[in-house]
Amino acid sequence: MKIFAETEHLILREIVVEDTGDMFRLDSDPLVHEYLGKNPISCMGKAREYIDSIRMQYEKHGIGRWAAIEKSSGDWIGWTGLKMNTEWSPNGHSNFYDVGYRFMPQYWGKGYATESSIVARDYFFEHFPNQKLCGIAELGNGASCRILEKIGLERKEDFFYEPENLMLAWFELEK
């Protein structure tokens, strides 16, 4: 399996089918979905669909979310990385690259989202020069908004996303 990057604390590798159980544990946790529309998944099939979608991103766009493995424990702690969004158009934005992350609650507050997002940002601009990197966070998720700003994205607008009844913040970075 391909390792995309390593940080001081994390190994960032491709997501594989064998990660389905871990993905289910992550995305079925209501705490994880507090700022994601409060809609956790309830079956392994949804986790597998998500993994298949990520793997398609690798093939079709040359990027995708990465499994985050904590070096000190060897634990699968969530995912991080990049995505080419083609399936939704928040506030009129379509076909955009975004940086994102999702970790199990016991790994929150350790700096892993910032650490891995810096690597993802740098990877993006190395492999996709002259492109724009975007980020989206629910307004109530101050931690995620701060992380996106910390890695250099500029907050451009706040908007209401009607399909999920959410207020979202939109961020961008161009180099």
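The values are calculated or read from the model by the stated rules, or taken from the named source; none is laboratory data. What you see is a predicted model; the values in this text were computed from it and never measured. In this analysis, Cβ positions are derived from the backbone assuming ideal geometry, glycine residues included, and neighbour counts consider all displayed protein chains. Each accessible area value is taken on the protein alone, full model and side chains, heavy atoms only, with ligands, DNA and RNA left out. Shrake-Rupley method; radii C 1.70, N 1.55, O 1.52, S 1.80 Å.
Among the residues of segment 32-50, those identified as hydroxyl-bearing (Ser, Thr, Tyr) and not in a helix (DSSP H, G or I) are 35, 42. Within segment 135-162, residues that are open to solvent by 30 Å² or more (accessible area, probe 1.4 Å) reach partners that are of a type in the set (Asp, Glu) with beta carbons closer than 7 Å, at six or more positions or on different chains, in the pairs 136/98; 139/158; 154/172; 155/149; 156/172. Within segment 91-149, the residues that satisfy the criterion of being under 17 Å from residue 76 (Cα atoms) and small (Gly, Ala, Ser) are 100, 109, 111, 113, 116, 117. Considered as a group, the residues in segment 11-44 that are at pLDDT below 95 and open to solvent by less than 40 Å² (accessible area, probe 1.4 Å) include one that is farthest from residue 105 (Cα to Cα), and that residue is 37. If the condition is being aliphatic (A, V, I, L, M) and buried (at least 20 other Cβ atoms within 10 Å of the Cβ), then segment 90-118 contributes 99, 113.
For segment 75-88, does any single residue satisfy the condition of being open to solvent by 20 Å² or more (accessible area, probe 1.4 Å) and assigned to a helix (DSSP H, G or I)? No, the conditions are met nowhere in segment 75-88. Against the conditions (1) under 15 Å from residue 5 (Cα atoms); (2) part of a loop (DSSP other than H, G, I, E, B), residue 114 satisfies every one except (2).
Considering segment 45-74, the residues that are in contact (Cβ under 8 Å) with a residue 24 or more places away in the chain and of a type in the set (Ser, Thr, Tyr) include one that is surrounded by the fewest Cβ atoms within 10 Å (Cβ to Cβ), namely 72. Under 18 Å from residue 102 (Cβ atoms) and outside any helix (DSSP H, G or I): does that describe residue 120? Taking the combined requirement at face value, the residue does not satisfy it.
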